[in-house]
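What follows is calculated from the coordinates using simple rules that are stated; it is not laboratory data. For clarity, every value in this text was computed on a predicted model and none was experimentally measured. Backbone-built Cβ (ideal geometry, glycine too); neighbour counts: all protein chains shown.
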Amino acid sequence: MAVDKKAKRASPLFLILFALPFAGVGVGFLFFSIVPSLYEWQQMDQWQPVEAQLLSAKLNTHHGDDSTTYQALASYRYYFRGTAYESDRVGIMSGSDNIGSWQEDKARALKRALAKGGSISVYVNPDQPQKAVIYRELRWGMLGFKFIFVVVFGGVGVGLLVFSFYHRSATVPDLSTTSEAWLANKDWHNPIRSNAKAGLWGAWIFAIFWNAISSPIPFILPEELAKGNYPALIALLFPIIGAGLLVWAISATRQWLRFGPSPLRLNPYPGAIGGQVGGEVDVRLPYDANMAVAVTLACVHSYYSGSGKDRSRRESVEWQKDGFAHVHAASQGTKLAFCFNVPSNLPGSQLSDDSYYFWRVSLHADLPGADFNRDYEIPVFPGTAQSSLALSDASQHPRASIERGKKLESLLNARQLQDGVELNYGYFRGALGKAIGFLFGFGFFAGGVFMWPTDAPTFMAVCFMLVGGLIALACLYGLFNAYQVKIGKRGIFTVRKLCGVVVSKRFIAPEKIRHLEIESRGSSQVGKKTTQHFVINAKLTDGSKHRVVESLDGRSMAEEALESVSLLSGIQAKSS
């Protein structure tokens, strides 16, 4: 069947005109400032030191709208091979700035030398003796500051120019004109390419940009500490984060080199809402029957939140299912296969817009060396198609059931009673995540404390301390609280303790309990991995709820926990 498309041609002229000034700034700083400075710095190793007489020395101060810059100025006379010369060059880089205290320090030293008679040592170019300089060291902080303009402005400008030349026209398919909408979008053609390559480029671009912006900090910081400006230590967070981003980019590169594109061949094609979603991926890995590959299928709502400068793209999970892929030997490595049963009341795939729904398959395996991580945005539409792979639902994979059982046993810490079950949630649940959250919150709080005595706006310091303090306290509470639940024929009895001290206690009679039910508590996202969080509540006859099970990650685990607690307690469960 032919697919009608509505084509929309976009002229790149506006984009080119927009990009040229950015590219010009970046290229200008690179070839007219940074490269000449580095070249002269190398050449000055051959310049010869001679005695000179200072004629003048001062510090020029320039006041702007929101900053003050400084410039060390001097003039001096020197003799080279019997000929007298005069020069006013102080350092390699000219002009005024406020990057560190170099200008002020050099002006102060030159004024002292002038007061003591004006005798100084300068460096002269033996091939062109009219060229001389007092200080020939390279200012790395200033070089890093200029490099920011090269990377940020030049990167944006050159990137937009490349984009405009490679995308001189764009075709936007109109999905309403065909019953086979998945054929209208080239990104939905089977097999489906993963986003690994785009993620690799994104990781490196983001890492380079971040490190370029934070590169002057290690050179400026010692000077600030020498002045007693200890709150400046908070700036170390930026290069530390930059190092982490470089590790992330290197990890993404190792993954790509090891596994390659690894496209996904959907079966059925497209995936069916009300039927099945399945597929196979060939991976360049030696076959290992014990390899565990987690697979997640998610329907995601992507939308913009906020307005103006606070407008940002958000994602929320409409529906998600987790499981494990079946691992088979293949002619050139390993084949991963999976299949999910999908309910019929979900939205189908849509083209990218301000607000739209899309479907994503994620595969992950912890392996020696580089881990395997792939995400695929796939076409899924209403239908009843079944996969010819003849596999059980990935959520029912034997490994999935075992893993959920282990997590559930560890989480619930259940003890069977004569008339019900006792659940014990100990201290330090989810310790790693809460510890990281505490450090993050404490870092914000400390940043606000450091800002307080400085010239930073008071409201900013208060916001940092308030937000950081609340996050840190919430994480500490999560680490140091314990919860005990006894549930059965005699009702529900709960006790919560904080550092061993009882902070709440409640008893609910059996006649007041209607049923047990799952409640979604939002989701969290790390990269492309989204985790849904659930709890199990006892729904009471007066319409209120009381927490019975907490900290459940994933719908499959929540459903299994609901079934287990209902079976052990004898209280009816309401299916979601």
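Which entries in the list LYS58/LYS131; LYS197/LYS407; LYS335/LYS407; LYS406/LYS434; LYS489/LYS545; LYS106/LYS146 go over 23 Å, if you measure between the two C-alpha atoms of each? Please report the intermediate quantities before stating the final value.
Numbers: LYS58/LYS131 21 Å; LYS197/LYS407 33 Å; LYS335/LYS407 27 Å; LYS406/LYS434 21 Å; LYS489/LYS545 18 Å; LYS106/LYS146 21 Å.
Over 23 Å Cα-Cα: LYS197/LYS407; LYS335/LYS407.
Expressed as a rounded percentage, what relative contact order does region 397-461 have, with Cα pairs under 8 Å and six or more residues apart?
15
Lys and Arg at +1, Asp and Glu at -1: add these up for the other residues within a Cβ distance under 15 Å of GLY488 and post the number. Provide the component values of the computation, followed by the final result.
Details: positive: ARG415, LYS486, LYS489, ARG490, LYS512; negative: ASP419, GLU422, GLU511.
Local charge sum for GLY488: +2.
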Percentage relative contact order, region 365-515, counting C-alpha pairs under 8 Å, at least six apart: 18
Pairwise centroid distance, computed over Cα atoms, of region 269-283 with region 129-152, Å: 57
Rg over Rh [alpha-carbon atoms, Kirkwood Rh] for the chain: 1.09
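What ranking do 17-30, 40-53 get when scored by the average of other Cβ atoms within 10 Å per residue, highest first? Present the calculation step by step, with values, prior to reporting the outcome.
On the way: 17-30: 16.1, 40-53: 14.1.
For the peptides 17-30, 40-53, the packing ranking is 17-30, 40-53.
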C-alpha center-to-center spacing [region 35-111, region 330-351] in angstrom: 66
Radius 15 Å from Cβ of GLU40, net charge of other residues (Lys, Arg +1; Asp, Glu -1): +2
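Give the relative contact order (percent, whole number) for the chain; include only Cα pairs under 8 Å separated by 6+ residues.
Working: 1106 pairs, mean separation 55.6, N = 576.
So the answer I get is 10 percent.
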Tilt relative to the chain, helix 155-166 - C-alpha long axis, 0 to 90 degrees, to 10: 60
Dipole of the chain [Lys/Arg +1, Asp/Glu -1 at C-beta], most positive-end residue of ASN373, SER312, GLY478: GLY478
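Rounded to the nearest 0.05, what FRET efficiency do GLN386 and VAL462 have when you use their Cβ-Cβ distance and R0 = 60 Å?
Working: r = 59 Å, r/R0 = 0.98.
Result of the calculation: an efficiency of 0.55.
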Burial ranking of peptide ranges 294-305, 276-287, 383-394 (average Cβ count within 10 Å, highest at the top): 276-287, 294-305, 383-394
